[in-house]
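Participant: Before I ask anything, here is the structure I am working with.
Derivation of every value follows stated rules applied to the coordinates shown; laboratory data play no part. Everything numeric in this text was worked out from a predicted model, so none of it was measured. Virtual Cβ from ideal backbone geometry, glycine too; neighbours counted across all protein chains shown.
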Amino acid sequence: MSTVPLKTSEQLVKMRQAGRITALALQTVNEAITPGVTTAELNRIAEAAIRKMGAVPSFKGYQGYPASICTSVNEEIVHGIPSARKLVEGDIVSIDAGAIWRGYQGDAAITVAVGNVSEECRRLICSVEEALMAGIAAIRPGGHIGDISHAVEMVAQRYGFGIVREYGGHGIGREMHEQPRIPNWGPAGRGLKLEVGMTLAIEPMFTLKGSATRTLMDDWTVVTADASWAAHWEHTVAINEQGAEILTRA
Ligand code: MF3
Ligand code: CO
C-alpha cells in the first residue's frame with residue numbers, strides 16, 4: 001500500500017484550481033517586480049490576488065509564518081519574509097506562493113531578475129527552471145522519486161552549480177507538505193514508486209557556489225552559508241498515465 005494519499009479525479013479538479021490561482025498570483029507579482037518595489041508590497045499584491053480569486057493564502061500562519069508569500073533575495077534561498085526592503089537593479093528574487101481552494105493546496109515558486117542582472121545570475125535562474133522541467137519530464141507512473149532527483153541533479157552538474165541538499169520537494173494535497181520528500185539529488189530508479197494520482201511539489205534550488213545553508217535569526221530565512229546567490233523554482237504536478245500534468249501553470 002502506498003504511504004502517499006492518491007487523489008481522485010474530483011480532488012484533482014480542486015488541486016487544478018488551487019494551482020491555477022497560485023500561478024496567476026505569481027504572474028501578478030512578477031509583473032510588479034521592478035527596482036524600488038518593496039518585498040512587503042509584493043506580499044500585499046499576492047495576498048490580494050489570491051483572495052480576489054476566492055482562495056486563501058496557505059503560507060499565512062503556517063507554523064507561525066507571518067506573511068502570504070516568501071521573498072528570498074540574492075543569497076537567501078527560501079523562506080525569506082517580506083519586509084520594507086526595496087529590491088534594486090541586479091537583485092534576483094525567489095517568489096514562493098501557495099493557495100488553498102476548497103481544502104486543496106497549490107504551491108509554486110519563480111525566480112525573477114530585477115532589471116538587468118549579471119550573465120552568471122541569468123544562467124543560474126535559467127538552470128533551475130530547466131532542472132524543474134527536467135524533473136517533471138522524468139515522471140512516469142511505475143518510475144521512482146529518484147528519477148526526479150537524478151534529473152534535477154544532472155542539470156546542476158551540467159552547469160556547475162551547487163545543489164541545496166537540506167531542502168527539497170514534497171507531496172501536496174489537503175496539506176501543503178505531505179509524503180514523500182523529494183530530494184534534488186540522488187540516483188534514479190530508487191525511492192518510492194510513482195503512481196497515478198500522486199500530487200507533488202517539485203522545487204529545485206541551486207547556488208552559484210556552495211551547498212551549505214543556515215537559517216537567520218528570524219527563524220525562517222534560509223541563506224547560503226558562503227553567501228553565494230541562489231535560485232529556486234517550483235511547480236505542483238499531478239501524475240497521470242502519460243507522465244505529469246503541471247497544475248501551477250497560468
Ligand atoms: N513552498 C514552501 C515549501 O514548500 C512553503 C513555504 S513555508 C511557509 O516549503 F511557512 F512559508 F509557508
Ligand atoms: Co513547496
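Participant: Given the criteria within 19 Å of Ile202 (Cβ to Cβ) and touching a residue at least 24 places away in the same chain (Cβ under 8 Å), does Ala151 qualify?
Facilitator: Considered against the rule, which asks whether it is within 19 Å of Ile202 (Cβ to Cβ) and touching a residue at least 24 places away in the same chain (Cβ under 8 Å), Ala151 comes out as yes.
Participant: Now, a different point. Checking the condition farther than 26 Å from Arg174 by Cα and among the hydroxyl-bearing types (Ser, Thr, Tyr), which residue from Ser127, Ser149 passes?
Facilitator: One residue alone meets the criteria, Ser127.
Participant: Of the residues in the stretch 128-143, how many are under 18 Å from the mean Cα position of the chain (by Cα) and over 10 Å from Trp233 (Cα atoms)?
Facilitator: Number of matching residues: 6.
Participant: Look through the stretch 16-61, keep the residues that are under 12 Å from Ala97 (Cα atoms) and of a type in the set (Ser, Thr, Tyr), and return whichever of them is surrounded by the most Cβ atoms within 10 Å (Cβ to Cβ).
Facilitator: Here the answer is Thr22.
Participant: Now for a different question. When you go through (1) surrounded by 15 or more Cβ atoms within 10 Å (Cβ to Cβ); (2) farther than 15 Å from Asp107 by Cβ one by one for Ile69, which number turns out not to apply?
Facilitator: (2)
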